[in-house]
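Written below as structure tokens is the structure these notes are about.
Just so it is clear, none of the values below were taken in a lab; they were calculated from the coordinates. Computed from a prediction, not measured in an experiment: that's the story for all the values here. Backbone-built Cβ (ideal geometry, glycine too); neighbour counts: all protein chains shown.
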Amino acid sequence: MKIAPSILSADFANLARDIRLVETAGADLLHVDVMDGHFVPNLTFGPSMVAAIRPVTNLGLDVHLMVDDPSLWIPEFAKAGADTLMVHVEATPHIYGTMQAIRYAGCRAGVVLNPGTAVDTLQPLLPIVDQVLVMTVNPGFGGQQFLPDMAAKVAALAALRQTNGYHYAIEVDGGITDQTAPVVLEAGADILVAGSYVYASDDPAARIAALRRA
């Protein structure tokens with residue numbers, strides 16, 4: 001199990017400090033939520049933020065693109081230092097080619113499953129992706145409540161991986177706490193994204209430790 005704190009919930013005025021804090025506390029990855037104000041109703045980071053973060057940490061940068069026409073941004077985020085780029089099925093009519101483009105750019109390719117999107121839509125992609133991100137909240141804002149029905153999607157993806165010998169990691173994002181983490185881990189999740197649970201605490205290191213215990 002890997003833990004990927006989301007910097008969407010960090011203190012932007014002290015971002016380098018907050019990144020180092022979770023790195024020291026044992027985080028495995030940093031999750032970067034990129035939103036364009038169109039695909040989701042929020043506006044956050046661009047490639048320049050990823051480029052600014054890259055020299056500050058040795059952690060892998062797990063970049064979640066919540067943007068329209070993500071293929072336009074793949075080269076920029078790859079150049080900025082992203083390690084994994086994840087794209088929503090609904091964001092492009094050419095999702096298979098987008099996965100190929102991410103690989104060509106030198107990044108791990110990930111596909112994202114919204115709460116209202118069926119696992120079946122990913123079937124053609126599962127043999128070629130490195131990661132599947134299951135959203136356990138509606139995308140766009142941090143601090144939302146975990147949707148327990150989404151654990152069934154995690155279990156379905158884990159079963160497909162086992163049956164077909166696929167090699168993708170299963171990541172879960174949304175409402176992850178020490179109470180909800182066991183639910184998705186038991187279903188087969190490999191990576192937990194935690195934003196407000198970690199950074200809204202007075203002791204983020206203790207929250208990461210609590211996720212490890214869970």
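Quick notes on this structure:
- DSSP bridge analysis restricted to the chain gives an antiparallel fraction near 5%, rounded to the nearest 5.
- Tail beyond 21 Å, pair distance distribution of the stretch 2-213 (Cα, percent): 49
- Likely footprinting exposure, Ser71, Ser48, Ser201, Ser6, fewest C-beta neighbours within 10 Å first: Ser48, Ser201, Ser71, Ser6
- Taken one residue at a time, the phi angles of the stretch 157-172 give Karplus couplings (6.51, -1.76, 1.60, θ = phi - 60°) of 5, 5, 5, 5, 5, 5, 5, 9, x, 6, 10, 6, 7, 10, 10, 10 Hz. Gly and Pro are set to x.
- Phi to ³J(HN,Hα) by Karplus 6.51 cos²θ - 1.76 cosθ + 1.60 over the stretch 97-109, Hz, x for Gly, Pro: x, 5, 4, 5, 5, 5, 4, 4, 6, x, 10, 6, 9
- Under Karplus coefficients 6.51, -1.76 and 1.60, residue-wise ³J(HN,Hα) of the stretch 173-180 in Hz, glycine/proline x: 9, x, x, 7, 9, 5, 8, 8
- Calculated FRET value between Thr117 and Ala205, using beta carbons and R₀ = 30 Å, to 0.05: 0.30
- Alpha carbon convex hull of the stretch 148-214, volume per residue in cubic angstrom: 74
- 5 angstrom amide H check on Gly174, placed H, neighbours 5+ away: Thr136, Val193
- Annotation: amide H-H contacts under 5 Å for Ile3 (H modelled 1.01 Å from N, sequence separation of 5 or more, or interchain): Asp28, Leu29, Leu192.
- Nonlocal amide H pairs with Leu133, under 5 Å, H built at 1.01 Å: Val111, Val112, Leu113, Glu171
- Across the stretch 1-88, the convex hull enclosing all Cα atoms gives 93 Å³ per residue.
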